[in-house]
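I have placed the structure first, in the form of structure tokens, so that the comments after it can refer back to it.
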Amino acid sequence: MDITANRSAKLTAVLLLFTVISKLLYVGISSGGSEPPRMLIWTAEAVAFLGISVFALVAMARQSAHSALWAAIAVGGILNVIQVGMGLAMFGPLSDAGEALAPAFTAVLAGAFFLYFACKFLFGFAAILLSATLFNGGGVAKALAGWLF
């Protein structure tokens, strides 16, 4: 299958939107006092972030003019996969281990949040690069970029 840069960009955008929706769902369920289905949501996010990474790398390979934008998205996706994996594999056992491993759980949790915020920084950087690219265009794209940037 030959995937074009345009198709990769569209798939990346859909997967990024999915991660936003899943995060809103998770926070919405949590704030309502219920226990969200962590394993289901986090596993779906891990698959989405893997897809984001792959499609961003394909877009970067096919469209070198925007390689910094695609690299930021790809690295952000990869780091997010690691961060979600930490939650899936480590949070449960460490939190169930009791007081003796509480410092280890705190360290793993802090590391996961560091990766989470590093990923969001990279996605924000990609958004700034996209806005700058749109701003250099013309017409509606320039107006949209001016509003975003």
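The values are calculated or read from the model by the stated rules, or taken from the named source; none is laboratory data. Small disclaimer: the values here were computed from a predicted structure and weren't measured. Cβ placement follows ideal geometry from the backbone for every residue including glycine, while neighbour counts extend to all protein chains displayed. Only protein heavy atoms, including side chains, enter the accessible area calculation; ligands, DNA and RNA are left aside. Shrake-Rupley method; radii C 1.70, N 1.55, O 1.52, S 1.80 Å.
Of the residues Thr19, Thr43, which single one is within 30 Å of Gly92 (Cβ to Cβ) and in contact with a Leu (Cβ under 7 Å, 6 or more places away or on another chain)?
Every option except Thr43 fails the conditions.
Taking Glu35 as the residue in question, decide whether it is among the acidic types (Asp, Glu) and over 21 Å from Ala126 (Cα atoms).
Yes.
Kindly indicate the residue of segment 2-45 that is part of a loop (DSSP other than H, G, I, E, B), open to solvent by 40 Å² or more (accessible area, probe 1.4 Å) and within 30 Å of Ser64 (Cα to Cα) and also modelled with the lowest pLDDT among those meeting that condition.
Asp2
For segment 50-92, name all the residues that are of a type outside the set (A, V, I, L, M) and open to solvent by 80 Å² or more (accessible area, probe 1.4 Å).
Arg62, Ser64
For the structure I just gave you, tell me whether Ile82 is part of a helix (DSSP H, G or I) and either among the hydroxyl-bearing types (Ser, Thr, Tyr) or in contact (Cβ under 8 Å) with a residue 40 or more places away in the chain (or both). Steps first, answer last, please.
Working: part of a helix (DSSP H, G or I): yes; either among the hydroxyl-bearing types (Ser, Thr, Tyr) or in contact (Cβ under 8 Å) with a residue 40 or more places away in the chain (or both): no.
Against the criterion (part of a helix (DSSP H, G or I) and either among the hydroxyl-bearing types (Ser, Thr, Tyr) or in contact (Cβ under 8 Å) with a residue 40 or more places away in the chain (or both)), Ile82 does not qualify.
Within the set of pairs 6+ apart or on separate chains, which have a first residue in segment 91-111 that is touching a residue at least 12 places away in the same chain (Cβ under 8 Å), a second that is among the polar types (S, T, N, Q) and surrounded by 11 or more Cβ atoms within 10 Å (Cβ to Cβ), and C-beta atoms under 7 Å apart?
Taking only residues 6 or more apart or on different chains, the pairs are Phe105/Ser95.
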